[in-house]
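Enquirer: The structure follows.
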Amino acid sequence: MSSAFYAAPAAPVAAQLTASTESIGNRILDVAETRTGAWYSYGGAGTSVFDCSGLVYWASHRLGVNMPRTTYGMLGSSHLYRVSSPRRGDLAFYGSGHVEFVTTWSHTTFGAQKAGTRVGWHRWNAYWHPTMYFRIR
């Protein structure tokens, strides 16, 4: 049978967001997740060690979003606006000194938490939890 006349069966269509419809925060989180398992290091901003804001900085710059390097800089940035109903890819600030990404899992954020830990998913609780959320524009 000639390959010119052979059509492979159609693959199932998955409902996925494309780069044109997916939020920039969601895409930045996808990039950040590629660093899962990297070690936390204060002041680290790529490619094998990160602090909390360094991970956000590194991932956002991969997609051309020039986020400031520090949490304080991010909070004053025109790239962010505050939201009350966070969604995946938004930034969760724990006070003004720590930032991680919102995930789809309840009470879980993604980021570089503290010395001695690896980049990954972190559960929060009544004592350690986000105090404000921002969306990336």
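Enquirer: Please list the non-local residues whose amide H lies under 5 Å from the amide H of Val99, H modeled 1.01 Å from N, same-chain partners needing a gap of 5 or more.
Expert: Under 5 Å from the amide H of Val99 lie the amide H atoms of Ser53, Tyr94, each far enough along the sequence or on another chain.
Enquirer: Hey, can you find the accessible area per residue of the chain for me, probe 1.4 Å, expressed in square angstrom? Spell out each step's value before the answer.
Expert: Values: 7810 Å² over 137 residues.
Per-residue value: 57 Å².
Enquirer: Next up: If one computes P(r) from the Cα atoms of the chain, what percent of pairs lie at distances over 26 Å? Walk me through the numbers before you get to the answer.
Expert: Details: 2396 of 9316 pairs.
Looking at the chain, the distances longer than 26 Å represent 26 percent of pairs.
Enquirer: Rounded to the nearest 500 deg cm²/dmol, what is the calculated helix-only ellipticity per residue at 222 nm for the chain, with -39500 (n - 2.57) per DSSP H run of length n ≥ 4? It would help to have the intermediate numbers written out before the result.
Expert: Details: 3 runs with 26 residues, N = 137.
My calculation for the chain gives -5500 deg cm²/dmol from helical runs alone.
The values are calculated or read from the model by the stated rules, or taken from the named source; none is laboratory data. The structure displayed is predicted, hence computed values, not measured ones. For accessibility, only protein heavy atoms count, side chains too; no ligands or nucleic acids. Shrake-Rupley method; radii C 1.70, N 1.55, O 1.52, S 1.80 Å.
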